[in-house]
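Structure, as structure tokens:
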Amino acid sequence: VGGGILFTRTQQGHIWRLVSEDDGKTWSEPAATSLVHPDAPPMVEKSCDGKRLYAFHHNRDSGEAFNLEDRSELWLSISEDDGDTWSEPRFVMVNATHNTRLMFNQEHHTISYAGLLVDNGEINIFIPHVWRQILHVRLKETDIDRLLTRREIEAQWDRANYVPVGEGVSSRKSFEVS
């Protein structure tokens, strides 16, 4: 008799997990994982060696239903225990493209409804881009550790954006985007 794991979206701000030990005849009670995610489809896939799970998730949730900004970033977490615990999320990409095509009366800056395929040591991500074309992003499984965590990104941002002003005083660099 085999088992199975089901990951599902909810409006609770996390991906939820259910487990079956009898080929899906019965399932555990749903339980929230540590993966922060808005009400969007979860993207979970096994590694090539079958020893790890990769979860691509948005790592933000404003608590607002269908807030598209919550879906603008894509992060990767890894589990080595079938989804009981997850690594600290690592940043993959952000979509900040100005979209001139409205959907649901809103601009879409989302990375949602992405497809995920792990094959021959490569993670392939297929992302609908402004709902007009598909972006194909490839990432080698061996390069995952090169992706930065939020803490590492913030540390780099802080070092890059503070300049000495005078003795014992620093100021954040500022810039305008037009």
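Some values worked out for this structure:
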| item | result |
| --- | --- |
| Of residues in the stretch 25-52 being outside any loop (DSSP other than H, G, I, E, B) and touching a residue at least 60 places away in the same chain (Cβ under 8 Å), the one most open to solvent (accessible area, probe 1.4 Å) | 46 |
| Long-range neighbours under 9 Å by Cβ, at least six apart or interchain, first residue on the phi < 0 side of the Ramachandran plot within the stretch 134-151, second assigned to a helix (DSSP H, G or I) | 148/156 |
| Residues of the stretch 128-150 satisfying the condition of being under 22 Å from residue 87 (Cβ atoms) and either of a type in the set (Gly, Ala, Ser) or not in a loop (DSSP other than H, G, I, E, B) (or both) | 137, 138, 139, 140, 141, 142, 143, 144, 145, 146, 149, 150 |
| Residue under evaluation residue 91, criteria (1) at pLDDT 80 or above; (2) open to solvent by less than 30 Å² (accessible area, probe 1.4 Å), criterion not met | (2) |
| Residues of the stretch 117-149 satisfying the condition of being within 16 Å of residue 71 (Cα to Cα) and modelled with pLDDT of 85 or more | 125, 126 |
| Residue in the stretch 2-16 that is in contact with a Lys or Arg (Cβ under 6 Å, 6 or more places away or on another chain), modelled with pLDDT of 90 or more and either surrounded by 14 or more Cβ atoms within 10 Å (Cβ to Cβ) or assigned to a strand (DSSP E or B) (or both) present | yes |
| Residue 85 among the β-branched types (Val, Ile, Thr), at pLDDT 85 or above and more than 25 Å from residue 61 (Cα to Cα) | no |
| Any hit, the stretch 70-85, residues being in contact with a strand residue (DSSP E or B) (Cβ under 7 Å, 6 or more places away or on another chain) and of a type in the set (Lys, Arg) | no |
| Test for residue 55: is it at pLDDT below 90, surrounded by fewer than 18 Cβ atoms within 10 Å (Cβ to Cβ) and aliphatic (A, V, I, L, M) | no |
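The values are calculated or read from the model by the stated rules, or taken from the named source; none is laboratory data. Bear in mind the structure is a predicted one, so any value in this text is a computation, not a measurement. Positions of Cβ are generated from backbone atoms using ideal geometry, with glycine treated the same way; all protein chains shown enter the neighbour counts. Only protein heavy atoms, including side chains, enter the accessible area calculation; ligands, DNA and RNA are left aside. Shrake-Rupley method; radii C 1.70, N 1.55, O 1.52, S 1.80 Å.
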